[in-house]
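Here's the structure we're looking at; comments come further down.
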């Protein structure tokens, strides 16, 4: 079945919607450089969502350079000059633009998996395991499962020991969250979730085993699976 890219708009997940609204407020000047965002607790209560959803939205804004977070203080709107990259959500409702972004993801994440196998720490493996635990638990059918999926990919990026991988993969992964929703909406949910979990587990085991070639291959297989689930053709 071919993906209807209108489905991406309809299935856009909660963190992306919240991040897009905050981004609009920043663009329209309702939130100005230096302003502190409301706390996670306030936003979760005001929006009727969990704090993990709010945390994911703020992570997306941080990856886009729209906000910076200060430990123990909160998230603050950045100066425009400090914002490195920005892709509007609406750009990705177009199949060609979405394919181009996915094409960028493949070499980034395949290489990241290899470097993670070489450079990971015990803490990095723990972060991968935490994400996998959330992906395989009862919440795997829900929004929380998608958040855990994104957390896994950010953990792989962090395990490279290269902050640029963390920056760029974090940014790309937030946009690819649209793909997770689209794929879930056009397949048997139980099948696609279990397949995706198995692919992530293979990546985790290869990284933990320190096998660069196997980690790259496992990530490549996962990304090829993801593209096939979206009926996207990559050269």
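The values are calculated or read from the model by the stated rules, or taken from the named source; none is laboratory data. Predicted model, so just to flag it, every value in this text is computed and none were measured. Glycine also receives a Cβ, built like all others from the backbone with ideal geometry; neighbour counts cover every protein chain displayed.
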Top-ranked residue of the stretch 155-184 - restricted to ones that are surrounded by fewer than 22 Cβ atoms within 10 Å (Cβ to Cβ) and at pLDDT 90 or above, ranked as farthest from residue 62 (Cα to Cα): 161
Sole residue being at pLDDT below 80, closer than 22 Å to residue 173 by Cα and either within 19 Å of the chain's Cα centre (by Cα) or surrounded by 14 or more Cβ atoms within 10 Å (Cβ to Cβ) (or both), chosen from 12, 56: 12
Residue within the stretch 54-65 that is in a strand (DSSP E or B) and outside the structural domain of residue 131 (by TED's automatic domain parsing) present: no
Where a residue in the stretch 142-167 is assigned by TED's automatic domain parsing to the domain that holds residue 204 and at positive phi and its partner, wherever it lies, is surrounded by fewer than 22 Cβ atoms within 10 Å (Cβ to Cβ) and modelled with pLDDT of 85 or more, with Cβ under 6 Å and at least six apart: 161/119
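Residue-wise test of (1) part of a helix (DSSP H, G or I); (2) closer than 22 Å to residue 127 by Cα; (3) touching a helix residue (DSSP H, G or I) at 6+ places or on another chain (Cβ under 6 Å); (4) modelled with pLDDT of 90 or more.
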residue	(1), (2), (3), (4)
194	yes, yes, no, no
201	yes, yes, no, yes
204	yes, yes, yes, yes
220	yes, yes, yes, yes
223	yes, yes, yes, yes
232	no, no, yes, no
